[in-house]
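Every number in this text was worked out from the coordinates using simple rules, so none of it is lab data. What you see is a predicted model, and the numbers here were worked out from it, not measured in a lab. No Cβ is skipped: glycine too gets one built from the backbone with ideal geometry, and neighbour counts run over all protein chains shown.
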Amino acid sequence: MGIVNATKTPARSAPLSEGSVLGWLRINLFSSVANTILTVVALYIIFLLVRGIWVWGIQEAVWSAESRRECFKISKEGACWAGVINWLDSIFYGRYPREEIWRINVGGLLLVLWMAPLWIPRVKGKVIIGLTTVFLYPFLAGYFFSGGEKGIFMQVMVSAAIVCLVAITIHAALGFFANSSLLQFLLRITGADKSSEKNQRNVLLGLLAAAFIGVFVWQMSWQFESVTWTKWGGLFLTFVISGIGIAFALPGGIILALGRRSKLPVIKVLSTTFIELFRSVPLITVLFMATTMFPLFMPDGFAINKLVQVIIAVCLFNACYMAEVVRAGLQAIPKGQEEGAYTIGLGYWGTMGLIIMPQALKVMIPNIVGSFIGILKDTTLVSIIGLFDILGMLRAISEDVFWRGLHHEPLLFGAALFFILCFAMSKYSRHLEAKLSTDHKD
Amino acid sequence: MTASQKQDAQGKQAKLASAASAEVMIQLTKVNKWYSDFHVLKDIDLTVHKGERIVVCGPSGSGKSTLIRCINHLEEHQEGTIVVDGITLDKNLKNIDHIRTEVGMVFQSFNLFPHLTILENLTLGPIWTRKTPKAEAQATAMKYLERVKIPEQADKFPGQLSGGQQQRVAIARSLCMNPKIMLFDEPTSALDPEMIKEVLDVMVELADTGMTMIVVTHEMGFAKTIADRVIFMDEGDIVEENEPNEFFNNPQHKRTQLFLSQIL
């Protein structure tokens, strides 16, 4: 006997627990008498903890004083934030000369200006902008931070970076306001947009050369006062080391990962050895090796400064970790993708660059950002080998004559600062993931 | 004349025509391949003329997929020679890249690029390897999308399409490269029964245009309709090779008879 369901079952609204706060509370916190008691007790414990923190950290805290002794005079129960506030400049900039601090701020702003176009959807040529950030910006920033006499190489790189920055900014503005690009704009202005392709290229190269020469001559007329690296410190130094580490880790990791998967035995063995060597040693060991052992192997009179050694060590170390992250991502991409790409004639680099890497990087975003966060935090290890990064500065406060013994407040402040930075990165990675997902986009 | 008889007649004509011009597209001579110790292809000899449609069948593990994957060098053979469109496959990477642009391939698992839209999937090859201007590549892509009857999906991502639609996009992607030969590696095996037909229809249409095709498939109805020759493989050997009528109605080898009795 067949069964026929002639009536359509009407849809009903979901039960209380779905989507309503009250429903959730009732089911999860107050479902029975025992549960209600547990909830109330737990809430009381939380209240006690939070009140302690509130009283110590805010209600009784001292915000302005000249020394720790003065803090105690005002309040014995509260935190002495005055010490942290007095030292803020040092926490952020180390012992950088106070009248030159604007150079660090401007250097940072230039980075923002340089990278901002990457987040403007209508701007074209983002890959080039990204590459110049990694390869040109560091020279400009490096000169801003260290100053002094410019060598001929530095003069060239600084000029190139300035030309590039101006070009990017104009390009971004044109893209944002006129939906155009710098190339189109220049060609139209010079009237070359109607002529042949070769002519257009010549015009553009001419303009580029003219701009470069102009900037080159201009930059010869000024120079910054020299600030040696030993005066760098605080959050600024942390950003310099971890920033270079982050910028280098991903490209370095991609190259090492591809090397490890290569079919050529020499490349494969070299990459694998390199990766495993660095991965099997703690970062602090690598840092000690770089700063104390490495100079022993160098010929007499060959000296590079400690900061450069540390940066190189951090870069290599993190590139090796990143290589394994990238390799994991590459393995997550089905073999068929590679084959599909080969059958439409894309060679090895085309397949990797257009098909495999974009997908693998997308899969790896959480891990990559996790590594970036790790790099930022691991950088504090350099305080052990005598660089005054943010952790070094925070601990130095307790050795100051006026603030002797002030440990908790600076470290808490540092923890909060790191939390904000890392949490922002992690949030942004979630946002990126959602934005790049093409799985079920409608 | 019934439709199938008419198809047969057409097939025979095409075969005669190809035999007359006799331009050899693919020539395999004594091809051997091992996966470490496992001998997958044993002394394979095969000649495919321009415009010929060949169906390869056989039990799993018989080497039929490996055979066609050797033709565009997704797999490397160890002995023998493979000549495709006058070019010998060897270690020369330039030759391999060139042959791959001339040989289209459709996979069981589609292998569309999930991070690109349908249109980008289709234009990627022409733009990067043939250096076709973008607008022209897009026009060609739309033409082929219309031919496989899904132009309205151009701006979607592969993940939003059904299996049958994805496979038709995969066929269009290969056609955009304007290949001389098309290889099909079990194109309908991963599809629901309802979708098999829409893919086979596209393939039959393609066969009617005179494309040189090698199809690995278990769709015997399809083989009867379009094949000029059916090849039966077992344990790395080409066991039997015949035109479809003879192959299905009068199989000679015992293995073939057993295989056909099991699947028909």
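I'd like to know which of A:Val314, A:Gly253, A:Gln155 lies farthest towards the positive end of the charge dipole of the range A:102-392, counting +1 on Cβ of Lys and Arg and -1 on Cβ of Asp and Glu.
A:Gly253
If you take the beta carbon distance between A:Trp56 and A:Asp89 as r and set R0 to 22 Å, what does 1/(1 + (r/R0)^6) give as a FRET efficiency, to the nearest 0.05?
Values: r = 25 Å, r/R0 = 1.16.
Here the calculated transfer efficiency is 0.30.
Helix B:254-263 sits at what angle to the longest principal axis of chain B, using alpha carbons and giving 0 to 90 degrees rounded to 10?
Value to nearest ten degrees: 50.
Can you tell me, using C-alpha contacts under 8 Å and at least 6 residues apart, the relative contact order of chain B as a whole percent?
Relative contact order of chain B: 25 percent.
Along the Cα-to-C-beta direction of B:His98, a point sits 7 Å from the Cα; which residues of the range B:176-198 have their amide N less than 19 Å from that point?
Output list for this probe position: B:177-182.
For a test of the definition: using alpha carbon positions, the gyration tensor, and the 1.5 limit on a/c, classify the protein assembly as shown as rounded, prolate or oblate. Kindly include the intermediate steps, with their values, before the conclusion.
Numbers: a/c = 2.35, a/b = 1.74, b/c = 1.35.
It comes out prolate by the Cα gyration axes.
Among B:Leu200, B:Leu183, B:Leu116, whose mean-square fluctuation peaks in a Gaussian network model of chain B (Cα, cutoff 10 Å)?
B:Leu116
How far, in degrees from 0 to 90, does helix B:134-147 lean away from the longest principal axis of the Cα atoms of chain B, to the nearest 10?
So the inclination is approximately 50 degrees.
Identify the residues of the range B:31-46 with backbone N under 19 Å of a label point that sits 7 angstrom from the Cα of A:Lys268 along the Cα-to-Cβ direction, or state none.
The answer is B:34-38, whose backbone nitrogens lie closer than 19 Å to the label point.
Name the most mobile residue of A:His431, A:His407, A:His171, meaning the one with the largest mean-square fluctuation, in a Gaussian network model of chain A with Cα contacts below 10 Å.
Evaluated over chain A, the most mobile residue of the options is A:His431.
Could you check the spin-label model distance between A:Phe419 and A:Ala34? Points 7 Å from the Cα along Cα→Cβ, value in nm.
With each label point 7 Å from Cα toward Cβ, the separation is 3.4 nm.
Select from chain A the helices, each a whole stretch of DSSP H, whose alpha-carbon atoms run 20 Å or more along the helix axis and whose Kyte-Doolittle mean is at least -1.0; answer none if there are none. Don't skip to the end; give the middle numbers.
Details: long enough: A:33-54 (31 Å, 2.02); A:101-115 (22 Å, 1.59); A:152-178 (38 Å, 2.20); A:197-219 (33 Å, 0.68); A:234-260 (37 Å, 1.83); A:265-279 (21 Å, 0.99); A:306-332 (39 Å, 1.33); A:357-378 (28 Å, 0.88); A:408-436 (41 Å, 0.67).
Within chain A the helices that satisfy the rule are A:33-54, A:101-115, A:152-178, A:197-219, A:234-260, A:265-279, A:306-332, A:357-378, A:408-436.
What average count of beta carbons from other chains do you get within 10 Å of the Cβ of residues in B:113-122? Could the numbers behind the result be given before it?
Details: counts 10, 8, 11, 5, 1, 0, 0, 1, 2, 1.
Across B:113-122, the average partner-chain Cβ count within 10 Å equals 4.
Go through the cysteines of the protein assembly as shown and tell me which have no other cysteine Cβ under 4.7 Å away.
A:Cys164, A:Cys315, A:Cys320, A:Cys422, B:Cys57, B:Cys70, B:Cys176
To the nearest 10 degrees, how steep is helix B:118-129 against the longest Cα principal axis of chain B, on a 0 to 90 scale?
80 degrees
Given Cβ point charges of +1 (Lys, Arg) and -1 (Asp, Glu) and nothing else, what value in debye, to the nearest 20, does the dipole of the range A:102-392 about its Cα centre take?
Numbers: 20 positive and 11 negative charges, 129 e Å.
Here the range A:102-392 has a charge dipole of around 620 debye.
State, as an integer percentage, the relative contact order of the range B:194-264 based on alpha-carbon contacts under 8 Å between residues 6 or more apart. Working shown, then result.
Working: 44 pairs, mean separation 13.9, N = 71.
RCO, the range B:194-264: 20 percent.
So, by mean Cβ neighbours within 10 angstrom, what's the order for B:30-36, A:20-26 with the highest one leading?
Working: B:30-36: 14.3, A:20-26: 11.6.
Ranking the peptides B:30-36, A:20-26 by packing returns B:30-36, A:20-26.
Calculate for chain B the 222 nm mean residue ellipticity that helices alone would give, adding -39,500 (n - 2.57) per DSSP H run of length 4 or more and normalising by residue count, nearest 500 deg cm²/dmol.
Numbers: 10 runs with 116 residues, N = 264.
Calculated mean residue ellipticity at 222 nm is -13500 deg cm²/dmol.
For A:Glu77 and A:Asn367, what is the calculated FRET efficiency with R₀ set at 41 Å and r taken between the beta-carbons, to the nearest 0.05? Mind showing how you got there, number by number?
On the way: r = 45 Å, r/R0 = 1.09.
Efficiency, rounded to the nearest 0.05: 0.40.
Restricting to Cα pairs below 8 Å that are 6+ residues apart, what does the relative contact order work out to for the range A:102-392? Please round to a whole percent.
19 percent
About the Cα centre, and with charges only on the beta carbon of Lys, Arg (+1) and Asp, Glu (-1), how big is the dipole of the protein assembly as shown? Nearest 20 debye, please. Write out the running numbers ahead of the final one.
On the way: 64 positive and 60 negative charges, 297 e Å.
My answer is approximately 1420 debye.
Testing the spin-label approximation: label points 7 Å from Cα along Cα→Cβ at B:Asn250 and A:Ile255. State their distance in nm.
With each label placed 7 Å out from Cα toward Cβ, I get 6.8 nm.
Describe numerically, in nm with one decimal, the distance between label points set 7 Å from Cα along Cα→Cβ at B:Lys42 and at A:Ala209.
Inter-label distance under the simple model: 7.0 nm.
FRET efficiency for A:Leu43 and A:Ala434, Cβ-Cβ distance as r, R0 = 35 Å, nearest 0.05? It would help to have the intermediate numbers written out before the result.
Working: r = 34 Å, r/R0 = 0.96.
Given R0 = 35 Å and the Cβ-Cβ separation, E is 0.55.
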